[in-house]
1. Taking the Cβ of each residue in Arg35, Arg229 as the centre, tally the other Cβ atoms inside 10 Å and list the residues starting with the fewest.
2. Name the residue from Met352, Ser173, Thr125 whose Cα lies farthest towards the positive end of the charge dipole of the chain, charges +1 on Cβ of Lys and Arg and -1 on Cβ of Asp and Glu.
3. Asn209 to Thr176: FRET efficiency via 1/(1 + (r/R0)^6), r the Cβ-Cβ distance, R0 25 Å, to the nearest 0.05?
4. Lysine pairs in the chain 8 or more apart or on different chains: how many have alpha carbons under 22 angstrom apart?
5. Using the per-residue mean of other Cβ atoms lying within 10 Å as a proxy for protection, in what order, highest first, do the peptides 25-31, 389-395 fall?
6. Calculate the FRET efficiency for Leu301 and Ala22 from the Cβ-Cβ distance with a Förster distance of 45 Å, rounded to the nearest 0.05.
7. Please rank His350, His400, His276, fewest neighbouring Cβ atoms within 10 Å first, as an exposure proxy.
8. Where nothing but the Cβ of Lys and Arg (+1) and of Asp and Glu (-1) is charged, how large is the charge dipole of the chain around its Cα centre, in debye to the nearest 20?
Amino acid sequence: MKMIKNTLVALLAVAFAGIASAQTTIRITGSTAFRAATVTAIQNILQPGYTYGYIGSSVTGANQSTFVGTTKTSNLSVIVKCSWAGSVGGVQTIAQQSPVVTTTNPYISETNALTATGLVLTASTAIFDSPANADISMSDSFQSSTAFSGTGYNTLTDTIVGVVPFVWTKGSSSDTAVQAILANVTNMTPLAARAILSGGAPISLLTGNSADSSVWVYPMGRDEDSGTRLVQYAESGFGIFGSPVQFQPTISSGAIASIAPWPAQTILGISYPIGHSGSSSGGTLATYLNTPVAAAARDSLGAKFALVAFFGVNDANGVNAGGNNLTWNGVPYSAAAVQEGRYTYWGYEHLMYRNTLTGNPKTVADQLANQIKTQDAAVSGVLLSTMNVSRVTEGAVITHN
């Protein structure tokens, strides 16, 4: 009996290996802001009966997922693996020639996805591949807007697949007086954003009431891997490579007890000073902002304070169900406001791959780009076909088409 069991296990392993070897494997990394749209598109280019596994609360919100199936067009047998991080890091991963960069989070092995459909995994139950380089990156920014272009970097094939909007969002306070002031914080402007990103400002800058000036407002934000950060810094005029002072909260007993400038970090192989960096994900940042500032909390000068941060729309809607979102230059976010050029805090979403990508991998990448561009971009942003305005790069002047 034991011999029969071992023989069956061996035969299954050979069968799975044969299936995997016959399939085209595509690895995707990059922007979490368009993750939901991209994962939706992956499912929509596959024939019914595909299998998948993921780590997270939902497949469209998972940082790691793997899909095994056959494409509707061209009938290609594929394994599509996603490991999401940030736009800028995604560009670096596929653009940098030396040293070769692999994704921070490993890809889930197809061994998981072949065993069940919709398998919910954890870091302890999943089987992971060895670290690998990505084939495709989703990015909120142009390659030329990052530090990873020019000499020493691959020139990437770039398909603009949609428009990705962003918003500023405010936090809350357990101090009733501060919370009353926050109720009057409804709008963010480029000038106010630049002042706040420089290390904080009196909250009266946002309320227009000088009586509020004893309370300060401080920024939380994303790290240097983030396209969300790049677009905000361009849109506000702070500068893509500007030097902010962003803050990290300390949470105790369900409240933010204190804040301090973000610790010095090395991101994408580059060292940054205290205050320069930030959260590695919008989901983590939303968790911070969903936590009220304690009534007894004070800043380093002894003043009461509140917090604000910038997000992709999906993550922003995770803060008080979107109830804390601010208008930008007096205009609330809506798809219609973006389409007509009234709401300007947005960038283009890009699907990028090396210009050396050929054969079935390129075919699948192009199918995915077309699916997002024509159908699924609306899951995370705005369809290009509905835009009546355009711009040449992040933060640039918006013109009517």
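1. Working: Arg35 24, Arg229 29.
Ascending Cβ contact count within 10 Å gives the list Arg35, Arg229.
2. Thr125
3. Numbers: r = 17 Å, r/R0 = 0.67.
With R0 = 25 Å, the Cβ-Cβ based efficiency is 0.90.
4. Lysine pairs satisfying the spacing and distance rule in the chain number 7.
5. On the way: 25-31: 27.0, 389-395: 16.1.
My ranking of the peptides, most packed first, is 25-31, 389-395.
6. Numbers: r = 65 Å, r/R0 = 1.44.
Efficiency computed from Cβ-Cβ geometry: 0.10.
7. Numbers: His350 28, His400 8, His276 20.
So the ranking, lowest neighbour count to highest, is His400, His276, His350.
8. Details: 17 positive and 18 negative charges, 101 e Å.
Around 480 debye, computed over the chain.
All of the numbers you see were taken from the coordinates with simple rules; none came from a lab. What you see is a predicted model, and the numbers here were worked out from it, not measured in a lab. Here Cβ is always computed from backbone atoms with ideal geometry, including for glycine, and neighbour counts include all displayed protein chains.
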